[in-house]
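A.B. asks: Before we start, here is the structure in question, set down as structure tokens.
The values are calculated or read from the model by the stated rules, or taken from the named source; none is laboratory data. Please read these numbers as outputs of a predicted model, since none were measured by experiment. Note that we place each Cβ from the backbone using ideal geometry, even for glycine, and neighbour counts take in every protein chain shown. Protein only, heavy atoms only, side chains kept; ligands, DNA and RNA dropped before computing areas. Shrake-Rupley method; radii C 1.70, N 1.55, O 1.52, S 1.80 Å.
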Amino acid sequence: MGFTNEYTLLRDKSNVFKSINYDKVMKMLNHFKTGVIFVGGPWCKNCQAVVGIVNKVAKDNKLKTIYHYDPHFINVFKEEVDLRDCKDLETKLKYYEFIEKIEFKSDKYVIDTLIPRLNVPAIIGIKNGICVGVIDEEYIYDAAGLHVEENLEDKTVEYSNKLTELFKKVKEKNKL
């Protein structure tokens, strides 16, 4: 994926993003890997809003790679679907496995289920296969800066600080 072609606010050709699929995400979780996962895609205005900031903060924190997982995929009927919608049993089971592995909790649920709904973009910190944090706040970006809808207060610094905290948790050395 050409991230700078897909994300209009990502102008850094040497960005930190690397595409991975669902199986590789689950392998990170099941095989005690460490890294940061960006869940979302260029189809989402909220992902478009933060991708440049995520890239900059990652580089400022000396992260070389953030794994980009797009939950949209083409199903057997040649339809584009979102794993988070749980439209069929297979996607419901896969999504549930993912949510359980990262131990994600939310007051919002996938329709007709008791599975917590993960917003995109979601920035997930994984340390030795364990989720150390999730940031899944929805922002938009315009002339007022990075902000939540209906509120023009700029949240760029606040969001950057949350990312820095998460990245530090991922990079933190294991203590014996």
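A.B. asks: For the chain, modelled as a Gaussian network with Cα springs under 10 Å, which listed residue fluctuates most, ILE20, ILE130, ILE111?
C.D. replies: Result: ILE111 has the largest fluctuation of those listed.
A.B. asks: Mind checking which aspartates and glutamates have their Cα closer than 20 Å to the Cα of LYS33? Skip sequence neighbours fewer than 8 apart in that chain.
C.D. replies: List returned: ASP23, ASP70, GLU97, GLU100, GLU103, GLU165, GLU172.
A.B. asks: Here's another thing I want to ask about it. Quick one: of the DSSP bridges fully inside the chain, what percent are antiparallel, nearest 5?
C.D. replies: So the antiparallel bridges amount to about 70 percent of the total.
A.B. asks: If the elastic network links every pair of Cα atoms under 10 Å, which of VAL132, VAL57, VAL81 fluctuates the most in the Gaussian network model of the chain?
C.D. replies: Answer for the Gaussian network model of the chain: VAL81.
A.B. asks: Taking the Cα centre of the chain as origin, sum charge times position over the Cβ atoms of Lys and Arg (+1) and Asp and Glu (-1), and report the length of that vector in debye to the nearest 20. Could you put the intermediate results ahead of the total?
C.D. replies: Details: 28 positive and 27 negative charges, 247 e Å.
For this selection, approximately 1180 debye.
A.B. asks: Using each residue's phi in the stretch 123-140, evaluate 6.51 cos²θ - 1.76 cosθ + 1.60 at θ = phi - 60° and report the 3J(HN,Hα) Karplus result to the nearest Hz, with x for Gly and Pro.
C.D. replies: Result, rounded to whole Hz: 9, 10, x, 10, 10, 6, x, 10, 5, 9, x, 9, 10, 10, 7, 9, 10, 10.
A.B. asks: List the cysteines of the chain that have no other Cys Cβ closer than 4.7 Å: which are they?
C.D. replies: CYS86, CYS131
A.B. asks: Just to be sure I understand: with springs between alpha-carbon atoms less than 10 Å apart, which residue in CYS44, CYS86, CYS131 has the highest mean-square fluctuation in the Gaussian network model of the chain?
C.D. replies: The residue with the greatest mean-square fluctuation here is CYS44.
A.B. asks: Would you mind telling me the share, in percent, of accessible area of the stretch 61-176 contributed by carbon and sulfur at probe 1.4 angstrom?
C.D. replies: Here it works out to 52 percent.
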